[in-house]
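The values are calculated or read from the model by the stated rules, or taken from the named source; none is laboratory data. Everything numeric here is computed off the predicted structure, so don't read it as measured data. Virtual Cβ from ideal backbone geometry, glycine too; neighbours counted across all protein chains shown.
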Amino acid sequence: MKEKFTQYLRSIGVPLALDEKIQKAYEFYLEICPDEITDIFVTDYITNDGTREYENLWFFSEKYWMEAKQFITKENFDIVPAQKRVNYWSLEKQNYDFKRATEASRLHLSFQLAATVTGNLKASKENCDYLKDIIIKYVVPNLKE
């Protein structure tokens, strides 16, 4: 796995115990994605009792978006070509100024690529800064014209 991916995972508090599952998902996508995988993102949220939950694992390339749904407990993978296919996106933000995340920051991105292809990326705390980067690097440039 790329060093920058490992640095990202540590920066958002993903436990070392999940590295093997993440590595296996990464290796799977290396085999099927025709592009270089350039970014990683883990959706997360804070539960009512204050616990941080990690949910889905995403990888991005120039043309494809890949998701390992509920990667901690399942092996449920998909891949979609996303280049110039974003029909719609919506962003819900809480305590986040799109500059620097705080402990109270939350982001929730919903998007639609086609009538039946939708997705959600959630972030809390410092992960909001990474989701902002994903939006700027992959979502906005791929808006369908």
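I'd like the residue in the stretch 102-135 that is among the polar types (S, T, N, Q) and more than 10 Å from the chain's Cα centre (by Cα) and, out of all such residues, is farthest from Asp39 (Cα to Cα).
Thr116
Within the stretch 97-108, identify whether any single residue is under 15 Å from Ile135 (Cβ atoms), in contact with a helix residue (DSSP H, G or I) (Cβ under 6 Å, 6 or more places away or on another chain), crowded, with 20+ Cβ neighbours inside 10 Å and of a type in the set (A, V, I, L, M), and answer yes or no.
Checking the stretch 97-108: at least one residue is under 15 Å from Ile135 (Cβ atoms), in contact with a helix residue (DSSP H, G or I) (Cβ under 6 Å, 6 or more places away or on another chain), crowded, with 20+ Cβ neighbours inside 10 Å and of a type in the set (A, V, I, L, M).
For the stretch 15-36, indicate whether the set of residues that are at pLDDT 95 or above, buried (at least 18 other Cβ atoms within 10 Å of the Cβ), hydrophobic (A, V, I, L, M, F, W, C) and under 14 Å from Tyr130 (Cβ atoms) is non-empty.
Within the stretch 15-36, not a single residue is at pLDDT 95 or above, buried (at least 18 other Cβ atoms within 10 Å of the Cβ), hydrophobic (A, V, I, L, M, F, W, C) and under 14 Å from Tyr130 (Cβ atoms).
I'd like to check which strands (runs of 3 or more DSSP E) are fully inside the stretch 78-137 and have at least 2 residues that are free of Cβ contacts under 8 Å to residues at least 40 places away in the same chain and among the hydroxyl-bearing types (Ser, Thr, Tyr).
Once the strands (runs of 3 or more DSSP E) in the stretch 78-137 are filtered for at least 2 residues that are free of Cβ contacts under 8 Å to residues at least 40 places away in the same chain and among the hydroxyl-bearing types (Ser, Thr, Tyr), what remains is 88-94.
I'm told Ile72 meets every condition in (1) under 26 Å from Lys24 (Cα atoms); (2) in a strand (DSSP E or B); (3) modelled with pLDDT of 95 or more except one. Can you identify the failing condition by its number?
(2)
Would you say Val42 is assigned to a strand (DSSP E or B) and within 10 Å of the chain's Cα centre (by Cα)?
Considered against the rule, which asks whether it is assigned to a strand (DSSP E or B) and within 10 Å of the chain's Cα centre (by Cα), Val42 comes out as yes.
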